[in-house]
Amino acid sequence: MCVSSSTWSEGMTFSESMLSGFFVTINLYFHLRGKQAHVFKTHLYFFFLQSYPENSILDSYHFVTVSESRDLLKLFRFTSSVQKIGKLNPGFKGSQMYWIDNDGLFLLSNNSNFAFGFTTTRDVTLFLLVVIHKSSSTIVWAANRGSPVRNSDNFQFDETGNAYLQSGGSTIWSANTANKGVSSLELLDSGNLVMLGDGGSVIWQSFSHPTDTLLSNQEFSEGMMLISDPGSNNLTYSLEIKSGDMILSANFQTPQPYWSMGSDTRITINKGGDKVTSAVLSANSWKFYDPNKVLLWQFIFSEGTNTNATWVAVLGNDGFVTFTMLSGGSPDPSSTRIPQDQCSRPAACDPYYVCYPGNKCQCPSGLPSCKSMAIPSCENSTDSVDLVSGGDGLSYFALRFVRPFSKTTLDGCKASCLGNCSCGALFFEGSSGNCFLFNEIGSMEGSVGGAGYTSYVKISTNGGNSGGDSEGKHFPVVIIIVIATFIVIFGLLFAGFHFYRKSKKAPPESPKESSEEDNFLEGISGMPIRFSYKDLQDATSNFNVKLGQGGFGSVYQGALRDGTRLAVKKLEGIGQGKKEFRAEVSIIGSIHHVHLVRLKGFCAEGSHRLLAYEYMANGSLEKWLFKKDKGVFMLDWNTRYNIAVGTAKGLAYLHEDCDVKIVHCDIKPENVLLDDHFMAKVSDFGLAKLMTREQSHVFTTLRGTRGYLAPEWITNYAISEKSDVYSYGMIDEEDERVAILIKVALWCIQDDMYLRPPMTKVVQMLEGLSPVPPPPTASQLGSRLYTSFFKSISEGGTSSGPSDCNSDAYLSAVRLSGPR
């Protein structure tokens, strides 16, 4: 075999030294206009790519074709994306959708402990650009914490050396390194994301721009700041080094400090002297240095002394700094936290509550209500205000770190607060005369011994002696409120009385009526049997043998008294009533097709909703496609192809031959079942209608089957039968590749739903009744799949004549998208 080498481009040749693997020879049968044209022998060479050009997107396993007539080695790429190792070069661009099979992560550190890429948020359709510790799934840095993006939004490392994230034409985040000599972007083994110049100099690094997390050996210096995610009352917290100390603050309108390292009694080394300007997590401690890197303080947060351990310090949205060791499995948190006292945080309790030892929260007795405080503001300076005592013997977390407003008496302190529109609360210390004013406060601290401060909170009042004009202004408002209240009460009484009379006239469905309806359903030929809950409980031996967990509930093995084997599904999250459920079951039960799993019976008793299906001995297709034991029996090519055809026929029947079109909404290998003879049957059809679109969308995405979801599931396009076509195409891609099956699959997985063929056309193409033209490559996924593999077949003289792409048999976009 003659093999030439060249540089990388789509479909070009590779040197043989780059490959290792083994050959498999198969015969591919091609048809033109329904007739066999030629038998083309090709070799499939399964290999591992040992080296490849820097910016190519390749998988760790591929197969290539060697045409005997042309003797050339051509590349065909699989569907999955490939993560970069160590670094990216300028010119890199991509979105989360492109690396969805790698959880959105596209760059790994050399030791594979850290990864850079996209990760999902609580809203599964929005994503963050992050550096993440892989094994523990801990985010250690984020570029766009407050501005998540869609899965189609791009991260780009452009030719100018700038790295940025865009969404809808706007820049969400940028490193601002354009034209600064950046030559590469690297993810170091430490978790530091760096942008390097030609000489290896660091031009930008994530360690210098922390978010809410610090890693081992990450220097945290003066001028940097950690900011937490928003917590209760939308309050955030910040950690910074300033004035020679490390300070924790609550980010009120005027920040209020509540802890400092210099005042923490747990410091084990305290040399004093110069001011602290930097800090580093080292092994099991936090070390603090002066400008000359002389160690001043040491704060030990763990008894372990593993110098190779990776620790993180995280500023949480509860105001605590916690320490966690990132290991191979679950994170291992330390019991040490900052601050040590539960009550010395702004959000230990709700605002204006008092926190007592044991984290007990109590509203001061002098306040009218802690939940609905009428706090005055400078915008309403005409409001009448008053000071209400919060009690004696109290304290406040910020008092140890801020200077007093003045030294005065209690009356002088109260007068200062009343005369300052921005003052919301005061604390007065009688022994020193210190008066502290705050525009807003969090929770206060209670003292068991009674020592502490006197506190007052400013509230708005309802006027006092405001004069006749004020009373005259309020009178119409009071009248309107009284009239509106009367009308509402009268309306509710009338509605309640009307509902009572109607319910008396229309009694609930009687057992006789229910029985008559059930008998009517059972009397229809071919309808499923109505079982009682006890019938199915006995048939499954109290749901003892679990066959699997599906998208709508768990499935259990069972058998009736006559020996008929069943698969019983206990439905979960079904919100329909008994009549609606039976109506849907009557539709599902009336659908009979050789490639659809037969519904044998159902149960709608109380809150129980169960479906009894025919038992499929060989289980789901998923377990035959992804066998972990390499020594067990595998499906042959003929069986696999027949499964693909049978699945297509079942879907085509649901889409086009039923009285009411049924869109499956959850096509995946787990929902294609195989009988004793490996005949494929589609299961779980019709169940999507029992759930809302939102339930089905969230459930499917969170359960990890998003690899089979059509793009319209995460866009604003309507879900249709074309969504099933996409999922079917992804199942075909899971199977072993043969030329026809691959090209049909590529048609099915087009991003544009209007380019996907209907399932009847899929069946015709698979059975050779319709030619399969080359699929378009506009799809992100399709363009990665369609290469010169197919071209080598058509160009190698394997057909009896040129292909006529303009003939009636050619699949045009119009025919594919036309209404049926």
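The values are calculated or read from the model by the stated rules, or taken from the named source; none is laboratory data. Quick caveat, the model's predicted, so the values are computed rather than measured. Here Cβ is always computed from backbone atoms with ideal geometry, including for glycine, and neighbour counts include all displayed protein chains.
The number of residues in the range 99-138 being of a type outside the set (Gly, Ala, Ser), assigned to a loop (DSSP other than H, G, I, E, B) and touching a strand residue (DSSP E or B) at 6+ places or on another chain (Cβ under 8 Å) comes to 6. Considered as a group, the residues in the range 338-372 that are assigned by TED's automatic domain parsing to the domain that holds Arg400 and among the basic types (Lys, Arg) include one that is modelled with the highest pLDDT, and that residue is Lys360. Here Met527 clears all of (1) assigned to a loop (DSSP other than H, G, I, E, B); (2) modelled with pLDDT under 55 except the condition numbered (2). Is one or more of the residues making up the range 282-301 within 15 Å of Glu219 (Cα to Cα), assigned by TED's automatic domain parsing to the domain that holds Ser334, modelled with pLDDT of 90 or more and among the acidic types (Asp, Glu)? Yes, some residue in the range 282-301 is within 15 Å of Glu219 (Cα to Cα), assigned by TED's automatic domain parsing to the domain that holds Ser334, modelled with pLDDT of 90 or more and among the acidic types (Asp, Glu). Ile588 falls short on exactly one of the conditions (1) within 30 Å of Gln537 (Cβ to Cβ); (2) of a type in the set (Val, Ile, Thr); (3) assigned by TED's automatic domain parsing to the domain that holds Phe531; (4) part of a loop (DSSP other than H, G, I, E, B), and that condition is (4).
Scanning the range 136-151 for residues that are among the charged types (D, E, K, R) and closer than 27 Å to Met325 by Cα turns up just one, Arg145. Scanning the range 250-297 for residues that are of a type outside the set (A, V, I, L, M) and either touching a helix residue (DSSP H, G or I) at 6+ places or on another chain (Cβ under 8 Å) or within 30 Å of Ser232 (Cβ to Cβ) (or both) yields a total of 18. When the residues of the range 139-149 are filtered to those that are part of a loop (DSSP other than H, G, I, E, B) and of a type outside the set (S, T, N, Q), the one that is surrounded by the most Cβ atoms within 10 Å (Cβ to Cβ) is Ala143.
The residues of the range 150-166 that are closer than 20 Å to Asp123 by Cα, free of Cβ contacts under 8 Å to residues at least 40 places away in the same chain and crowded, with 18+ Cβ neighbours inside 10 Å amount to a single one, Leu165.
Residues in the range 381-390 that are at pLDDT 80 or above and in contact with a Pro (Cβ under 6 Å, 6 or more places away or on another chain) were compared, and the one that is surrounded by the most Cβ atoms within 10 Å (Cβ to Cβ) is Gly390.
Condition check ((1) at pLDDT 60 or above; (2) in a helix (DSSP H, G or I)) across all residues:
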| site | (1), (2) |
| --- | --- |
| Ser696 | no, yes |
| Gly704 | no, no |
| Glu712 | yes, yes |
| Lys722 | yes, yes |
| Gly729 | yes, yes |
| Ile740 | yes, yes |
| Ala745 | yes, yes |
| Thr760 | yes, yes |
| Pro771 | yes, no |
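Restricting attention to the range 178-222, report how many residues are small (Gly, Ala, Ser), in contact with a Gly (Cβ under 9 Å, 6 or more places away or on another chain) and buried (at least 21 other Cβ atoms within 10 Å of the Cβ). Here the count works out to 1. Among residues of the range 530-568 being in contact with an Asp or Glu (Cβ under 6 Å, 6 or more places away or on another chain) and not in a loop (DSSP other than H, G, I, E, B), the one that is farthest from Ala604 (Cα to Cα) is Gly553.
Among the residues of the range 160-177, which ones are in a loop (DSSP other than H, G, I, E, B) and not hydrophobic (A, V, I, L, M, F, W, C)? Answer for the range 160-177, where residues must be in a loop (DSSP other than H, G, I, E, B) and not hydrophobic (A, V, I, L, M, F, W, C): Thr160, Gly161, Asn162, Gly168, Gly169, Asn176, Thr177. Answer yes or no as to whether Ala559 is at pLDDT 90 or above, over 15 Å from Tyr653 (Cβ atoms) and more than 36 Å from the chain's Cα centre (by Cα). The answer is yes for Ala559.
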